[in-house]
1. At a threshold of 8 angstrom on Cα-Cα distance, excluding pairs fewer than six apart, so keeping six or more, what relative contact order does the chain reach in percent?
2. Give, in nm to one decimal, the length gained when the segment between Arg205 and Glu219 is fully stretched (0.36 nm per residue of separation minus the Cα-Cα distance).
3. Please compute the length gained on full extension between Leu67 and Arg51, using 0.36 nm multiplied by the number of residues separating them and subtracting their Cα-Cα distance.
4. For the stretch 120-153 and the stretch 33-67, compute the distance between their C-alpha centroids and round to whole Å.
5. Can you work out ³J(HN,Hα) from phi for every residue in the stretch 135-146, in order, using Karplus 6.51 cos²θ - 1.76 cosθ + 1.60 and θ = phi - 60°, giving whole Hz and x for Gly and Pro?
6. Taking the simple approach of a point 7 Å from Cα along Cα-to-Cβ for both Trp197 and Asp41, what is their distance in nm?
7. Per the helix-only calculation at 222 nm, which mean residue ellipticity applies to the chain, given -39500 (n - 2.57) for every DSSP H run of n ≥ 4 and division by its residues, nearest 500 deg cm²/dmol?
8. Multiplying the sequence separation of Ile102 and Ala254 by 0.36 nm and subtracting their Cα-Cα distance, what value in nm do you get?
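Computed from the coordinates by the stated procedures, all read-outs in this text should not be read as laboratory data. No experiment lies behind these values; they were computed from the predicted model shown. Don't worry about glycine lacking a Cβ; one is built from the backbone with ideal geometry, like all the others, and counts go over all protein chains shown.
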Amino acid sequence: MSSLTGRTALVTGAGRGIGRATALALAKAGVDLVLLARSQDQLSSVAGEVRSLGRTASTVVADLSRLEDLERTRRALGQAAGIDIVVNNAATITPMGATTSIETDDVLSAMVLNVVAVASLNGALLPHMLRQGWGRIVNVSSGLAGRPADFVGGNTYVTAKAGLEAHTINLAAEIEHTGVTANIYRPGIVDTGMQAWIRDQDPQRIGGALHERFVSLHEEGNLIAPEQSADALLRHLSSEGTGQVWTVASAPSAA
Ligand SMILES: NC(=O)c1ccc[n+]([C@@H]2O[C@H](COP(=O)([O-])OP(=O)(O)OC[C@H]3O[C@@H](n4cnc5c(N)ncnc54)[C@H](OP(=O)(O)O)[C@@H]3O)[C@@H](O)[C@H]2O)c1
């Protein structure tokens, strides 16, 4: 039994990739799941996998880049008041390309999904965590937040992830000594649909050098499996640390 057993976690972007692997790793650790994304079919499939591991699973279909959906979700989950752990994982890497080609609406919806939704959901879920004196907030970022010049062509993404990290560190300071922790997780370079999407883009649109880098990472076998990243996250999650930047490499050894 760990401190996670019997808790309930919300995982956003839980239908595939890192979110799905994290949800299943949590279920294996004895955690019940609330799974959120836009695609009901993918959520239903993951919910079935969670239940086959002996835990409960419910699904929430919402587009967190849309303020109406975000507000509805925030109200529903805040009122449900039983979520002890949140893994804010859903994000978009779009829009990509030269800054001169980027549309304002696309920047706005990316910022809503990648930053605003995280801050908003955390605000709605915190009261329950604070009342019980225990909670875990994990905001999934990217190593690129620490080296934004390495992702020319992805200005919106690195800007959003830097903002997400500032939100997390500031929140951790605000809730210090409450029993609720807030940490950043940089999941590594992971073999998911997000990586495949970049490789599928027109090199001329997103930048030839950037495209080649992502194709090479894949061809040279440098991507890790979502399960490996989720396993590292779970090992961090059992700690009491707060205001930290967690990575795969810095994960504590398995007990
Ligand atoms: N893969 C990597 O190498 C890598 C590296 C660094 C950081 N990350 C970060 O890790 C996290 C997960 O990435 P991933 O590679 O697993 O991504 P992914 O394979 O693209 O999966 C993204 C998940 O988020 C959901 N999602 C996307 N847009 C959404 C929206 N508007 N509203 C609600 N849910 C939405 C998707 O489901 P629907 O489409 O059905 O909504 C899906 O379940 C992200 O925060 C990403 O920035 C990934």
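1. 19
2. Length gained between Arg205 and Glu219: 2.9 nm.
3. Length gained between Leu67 and Arg51: 2.7 nm.
4. Each part's Cα centre sits 20 Å from the other's.
5. After applying 6.51 cos²θ - 1.76 cosθ + 1.60, I find x, 9, 10, 10, 10, 7, 10, 7, x, 5, 4, x Hz.
6. 1.7
7. -14500 deg cm²/dmol
8. Between Ile102 and Ala254, full extension yields 50.3 nm more.
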